[in-house]
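Engineer: Take this structure, written in structure tokens, and hold onto it; I'll ask about it next.
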Amino acid sequence: MQHKTPNQPVETISLCEDICLVPSCEEHATALFDAIDTNRAFLSRFLPWVDHTQALSDTVSYLQYAIANNAKGNELTYNIFRNNTLIGRIGIHQIDRTNDNASIGYWLVEKEQGNGIITKATEMILKIAFKDLGFQRIEILTATKNKRSSAIPLRLGFVHEGVLRQMEKHGNTYFDLNIFSLLKQEWKKQKRNIMG
């Protein structure tokens, strides 16, 4: 059976009245850089790429790369907006069509933490991944010390498979990462249980 592959997404997804997922586009470069730059200390605690985003041109290059990858079916990424303010990103990455699996990554600015935004956004991305794109397995990796980020996959029924020791380099330090996974049949079962 031929599965659909992600292409450049063409529509905005509304999560609630004031939160939406907007497909990656170069026009968001300034808003994205501002979100990163004004949250640099907060984001850089667990995200090594923050230190490599020092100028607007870095964000432009990144978005161009993301858009090209979306078009090739290598990822599917969105900027998260509250009204007209960019507050984070989420997407499907590391797509492996041979084995029908992929990874979800996300981040959110500090002042929007604790409002359930990433949980809602991840639920929507899971629906796209399993229902629309036909993936069999989705994983999420989080720094073991990032308790808030690690709580999200557990809240959504992911299984904690273990710890990848010293998996990610942050400056001169190596972080251990939790690996969580959710299978399509587990996601379907959750949906059935919610529906009653």
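Engineer: Looking at the range 41-64, which of its residues are part of a helix (DSSP H, G or I) and either within 18 Å of residue 13 (Cα to Cα) or in contact with a helix residue (DSSP H, G or I) (Cβ under 6 Å, 6 or more places away or on another chain) (or both)?
Structural biologist: 42, 43, 50, 56, 59, 60, 63
Engineer: Quick one: in the range 139-181, of everything that is polar (S, T, N, Q) and more than 20 Å from residue 122 (Cβ to Cβ), which residue is farthest from the chain's Cα centre (by Cα)?
Structural biologist: Among those residues, the one meeting the criterion is 172.
Engineer: For the range 65-101, which positions are polar (S, T, N, Q), part of a strand (DSSP E or B) and either out of contact with any strand residue (DSSP E or B) (no Cβ under 8 Å at 6 or more places or on another chain) or touching a residue at least 40 places away in the same chain (Cβ under 8 Å) (or both)?
Structural biologist: Hits for the range 65-101 are 77, 79, 85.
Engineer: Could you go through the range 38-55 and let me know if any residue there is surrounded by fewer than 14 Cβ atoms within 10 Å (Cβ to Cβ) and of a type in the set (Asp, Glu).
Structural biologist: Scanning the range 38-55, I find at least one residue that is surrounded by fewer than 14 Cβ atoms within 10 Å (Cβ to Cβ) and of a type in the set (Asp, Glu), so the answer is yes.
Engineer: Kindly list, by first and then second residue, each pair from a residue in the range 149-176 that is of a type in the set (S, T, N, Q) to a residue that is in a helix (DSSP H, G or I), limited to pairs with Cβ atoms under 9 Å and residues at least 6 apart or on different chains.
Structural biologist: Cβ pairs passing all conditions: 149/118.
Engineer: Go through the range 124-168 and give me each residue that's exposed (fewer than 15 other Cβ atoms within 10 Å of the Cβ) and of a type in the set (Asp, Glu).
Structural biologist: 132, 161
Engineer: I'd like the full set of residues that are part of a helix (DSSP H, G or I) and over 12 Å from residue 103 (Cβ atoms), limited to the range 127-146.
Structural biologist: 127, 128, 130, 131, 132
Engineer: Please specify each residue of the range 139-196 satisfying the condition of being closer than 19 Å to residue 51 by Cβ, touching a helix residue (DSSP H, G or I) at 6+ places or on another chain (Cβ under 9 Å) and of a type in the set (A, V, I, L, M, F, W, C).
Structural biologist: Residues satisfying the conditions are 143, 175.
Engineer: Looking only at residues that are assigned to a helix (DSSP H, G or I) and free of Cβ contacts under 8 Å to residues at least 60 places away in the same chain in the range 102-124, which one is nearest to residue 38 (Cα to Cα)?
Structural biologist: Once the filter is applied, the top-ranked residue is 111.
Engineer: Sticking with this one: Kindly provide the set of residues from the range 77-97 that are surrounded by 15 or more Cβ atoms within 10 Å (Cβ to Cβ), within 20 Å of residue 30 (Cβ to Cβ), more than 11 Å from the chain's Cα centre (by Cα) and of a type in the set (Val, Ile, Thr), ordered by number.
Structural biologist: 87
Computed from the coordinates by the stated procedures, all read-outs in this text should not be read as laboratory data. From a predicted model like this one, the values you see are computed outputs, not experimental measurements. When we count neighbours, we look across all protein chains shown, and the Cβ atoms used for this are built from the backbone with ideal geometry, even at glycine.
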